[in-house]
Amino acid sequence: MSATTASTGTIQALRLHAKKDIRVDQIASLPCNSDEVRVQIAYCGVCGSDLHEYLSDPIFTPAPGTKNKWTGVELPIPLGHEMSGTVTEVGNDVSGVQVGQKVAINPALDDRHYGAELCSSCKTGKINICKRFATYGLSAPSGGFSTEVVVKRYNILPLPDNVPLKVGALAEPLAVAWHAIRLSGFQKGQNALVLGAGPIGLAILLLLRVWEAGKVIVTEVTDARKAQAAKFGADLVVNPLQKILDGAEGDELDPVINAVRSSTEDGVDVAFDATGLQSTLDTALKATRPGGTIFNVAIHEKPLQLNLNDIACFEKKLLGGICYTYEDFEAVIKAMSSGKIPFEQMITAVVPLSNAVDGGFEELVRNKAKHVKILIQPDPAS
Ligand SMILES: [Zn+2]
């Protein structure tokens with residue numbers, strides 16, 4: 001049966017109308033179809049990709065005058081994809097989810113959402129690399145900077161009682177980090193280098209503790225983020241721009257390579273590049289031990305140069321990954337429930353939806369390095 005505790009009137013939603021034009025609008029709420037779930041949003045984190053779509057030409061949202069190929073949505077589009085909330089309605093065919101349940105949401109859409117035949121990726125559960133991939137909050141009808149969303153049952157992840165909704169909203173960025181660690185082949189006790197202490201770099205740092213890493217070295221140029229990396233448990237935080245002189249020869253040494261050499265036998269087992277610059281790729285290649293792995297988790301604005309001898313001659317592996325699958329969300333929620341890692345440290349501000357533009361988006365433009373994660377709270381009274 002369909003438990004209809006939610007009204008089907010209007011909702012408030014922060015929508016992208018055009019570059020530099022986002023507004024909180026009053027819009028019609030969506031129907032909750034038989035395979036869908038309605039969720040009252042508690043918190044939704046502002047992501048670097050939200051900021052990109054706000055400030056620059058679109059990567060994930062439809063360009064002005066165009067529609068998303070798979071979902072058919074066009075501007076204005078509701079933003080927000082790092083969501084947690086409480087279920088208020090379930091469709092007739094939905095099982096395993098109840099009204100009143102606290103949930104996190106995996107915002108990814110794949111072949112199943114369109115009733116399409118499953119592609120080779122979807123058949124093996126790798127829905128993150130589905131060729132028809134889309135995302136609630138960037139390229140689909142619902143988004144999390146809203147009082148409510150309607151999503152498919154596949155997108156719902158129930159939260160254990162001991163995981164607060166605030167922490168549940170971190171599941172999405174943490175799932176990105178978990179996916180990167182899992183795909184890199186990282187093993188317990190190994191040493192890692194994390195290049196860049198932005199939200200994803202810091203999420204990798206926190207989760208490497210769950211993986212029982214040996215030494216974790218973090219590189220970062222801003223003082224605010226260096227302090228966060230130290231607080232989040234990095235063994236060593238290095239500023240790559242702080243050149244050091246070799247006493248004997250007077251030569252300049254690369255401070256990151258110097259730190260890696262003094263902390264590991266032969267280089268780190270895995271270097272995670274969460275920055276995506278030529279300099280971070282070069283450092284990652286140099287800092288990794290023979291046979292080790294360089295894992296790219298950054299989105300690049302332009303192609304980089306690579307000498308493949310660096311890969312071939314020492315059998316290093318260069319891998320990349322994007323987003324997550326269900327098992328990444330499940331692993332992250334299990335880690336949250338264990339209570340061992342203070343994930344709530346990632347939350348640097350909570351802002352009501354009415355102030356999302358200035359207190360969320362513009363605040364990140366002004367003070368990016370100060371923040372790890374700003375959460376938007378659509379209904380502070382709830
Ligand atoms: Zn697919």
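The values are calculated or read from the model by the stated rules, or taken from the named source; none is laboratory data. Treat the numbers as computed from the prediction; the structure is a model and nothing was measured. For neighbour counting, all protein chains shown are included, and Cβ atoms are generated from backbone atoms with ideal geometry for every residue, glycine included. Just so you know, the surface numbers come from the protein's heavy atoms only, side chains and all, with ligands and any DNA or RNA stripped out. Shrake-Rupley method; radii C 1.70, N 1.55, O 1.52, S 1.80 Å.
Excluding Gln228 itself, what net charge comes from residues whose Cβ is under 14 Å from its Cβ, given Lys and Arg +1 and Asp and Glu -1?
Numbers: positive: Arg225, Lys226, Lys231, Lys368, Lys370, Lys373; negative: Glu220, Asp223, Glu344.
So the surrounding residues net to +3.
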Notebook entry, point to check: What is the set of long-range amide H partners of Ile376 at a cut-off below 5 Å, with H atoms built 1.01 Å from backbone N?
Noted result: Cys44, Gly45, Val46, Val351
Margin query: Quick one: 3J(HN,Hα) in Hz for the range 137-153, Karplus 6.51/-1.76/1.60 with θ = phi - 60°, rounded, Gly and Pro as x.
Written below: x, 9, 8, 8, x, 10, x, x, 7, 8, 5, 8, 10, 10, 10, 6, 4
Check: Rounded to the nearest 500 deg cm²/dmol, what is the calculated helix-only ellipticity per residue at 222 nm for the chain, with -39500 (n - 2.57) per DSSP H run of length n ≥ 4?
Finding: -6500 deg cm²/dmol
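How much net charge surrounds Pro78 when only other residues with a Cβ under 9 Å from its Cβ are counted (Lys, Arg +1; Asp, Glu -1)?
Working: positive: Arg15; negative: Asp25.
Summing Lys/Arg as +1 and Asp/Glu as -1 gives 0.
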Next item on the list: Starting from the amide H of Ala271, placed 1.01 Å from N in the peptide plane, find each other amide H under 5 Å away whose residue is 5 or more places distant or on another chain.
Entry: Leu193, Thr293, Ile294, Phe295
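Report the per residue volume, in Å³, of the convex hull enclosing the C-alpha atoms of the range 6-104. Don't jump to the answer; show the numbers that get you there.
Values: hull volume 11.0 nm³, N = 99.
Dividing the Cα hull volume of the range 6-104 by its residue count gives 112 Å³.
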Next item on the list: For Asp161 and His17, compute 0.36 nm times the residue count separating them, minus their Cα-Cα distance, and round to one decimal in nm.
Entry: 48.1 nm
Check: Given the options Pro160, Pro141, Pro303, which has the most mean-square fluctuation in a GNM of the chain, springs set between C-alpha atoms less than 10 angstrom apart?
Finding: Pro303
Notebook entry, point to check: Where is the GNM fluctuation largest for the chain (alpha-carbon springs, 10 angstrom cutoff): Ala356, Ala18, Ala175?
Noted result: Ala18
Item checked: When the range 174-320 is reduced to its Cα atoms, the Kirkwood hydrodynamic radius in Å -> 15.1 Å
Checklist line | Average Cα contact separation per residue, the chain, under 8 Å, 6 or more apart, as relative contact order % | finding: 17 percent
Margin query: I need the phi-derived Karplus couplings for the range 361-377: 6.51 cos²θ - 1.76 cosθ + 1.60, θ = phi - 60°, integer Hz, Gly and Pro marked x.
Written below: 5, 5, 4, 5, 5, 6, 10, 4, 5, 6, 9, 9, 9, 9, 9, 8, 10
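At 1.4 Å probe radius, can you tell me the per residue accessible area of the range 231-382 in Å²?
Details: 7960 Å² over 152 residues.
The answer is 52 Å² per residue.
Could you tell me what percent of the accessible area of the range 148-232 is made up of carbon and sulfur, with a 1.4 Å probe and every protein chain present? Working shown, then result.
Working: 1420 of 2700 Å².
It is 53 percent, rounded to a whole number.
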Notebook entry, point to check: What residue among Val297, Phe314, Leu241 has its Cα farthest toward the positive end of the dipole of the range 174-320, where the charges are +1 on Lys, Arg and -1 on Asp, Glu, each on the Cβ?
Noted result: Val297
Item checked: Å² per residue, accessible surface of the range 5-127 at 1.4 Å -> 43 Å²
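Quick one: if the Förster radius is 30 Å, what FRET efficiency do Tyr326 and Ile59 give, using the C-beta to C-beta distance and rounding to 0.05?
On the way: r = 24 Å, r/R0 = 0.81.
Computed FRET efficiency for Tyr326 and Ile59 comes out at 0.80.
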Note to self: Give me P(r) over the range 228-382, computed from all C-alpha to C-alpha distances, binned every 5 Å, as integer percentages.
What the structure shows: 2, 7, 11, 14, 17, 17, 14, 8, 6, 3, 1, 0, 0
Check: Given the convex hull of the Cα atoms of the chain, what is a quarter of its surface area in nm²?
Finding: 19.5 nm²
Item checked: Phi-based couplings in Hz for the range 40-45 (Karplus 6.51, -1.76, 1.60; Gly and Pro marked x) -> 7, 6, 8, 9, 9, x
Notebook entry, point to check: Relative to the longest principal axis of the chain, what angle (0 to 90°, nearest 10) does the C-alpha long axis of helix 199-210 take?
Noted result: 80 degrees
Margin query: Can you give me the angle between helix 171-184 and the longest principal axis of the chain, using Cα atoms only, in degrees from 0 to 90, rounded to the nearest 10?
Written below: 40 degrees
Next item on the list: Work out the FRET efficiency for Gln187 and Ile311 from their Cβ-Cβ distance, taking R0 = 22 Å, and round it to the nearest 0.05.
Entry: 0.60
Checklist line | Sparse-neighbour loop sites [trypsin sites (Lys or Arg not before Pro); the range 121-204; at most 15 other C-beta within 10 Å; DSSP] | finding: Lys126, Lys131, Lys188
Check: Assigning unit charges at the beta carbon (Lys, Arg +1; Asp, Glu -1) and nothing else, what dipole magnitude in debye, to the nearest 20, does the chain show about its Cα centre?
Finding: 360 debye
Check: Taking the Cα centre of the range 174-320 as the origin, how large is its charge dipole in debye, to the nearest 20, when only Lys and Arg (+1) and Asp and Glu (-1) carry charge on their Cβ atoms?
Finding: 600 debye
Notebook entry, point to check: Using a 1.4 Å probe on the protein chains only, how many percent of the accessible area of the range 243-326 belongs to carbon and sulfur?
Noted result: 51 percent
Notebook entry, point to check: Out of Gly85, Gly72, Gly360, any idea which swings most in a Gaussian network model of the chain, alpha carbons joined below 10 Å?
Noted result: Gly72
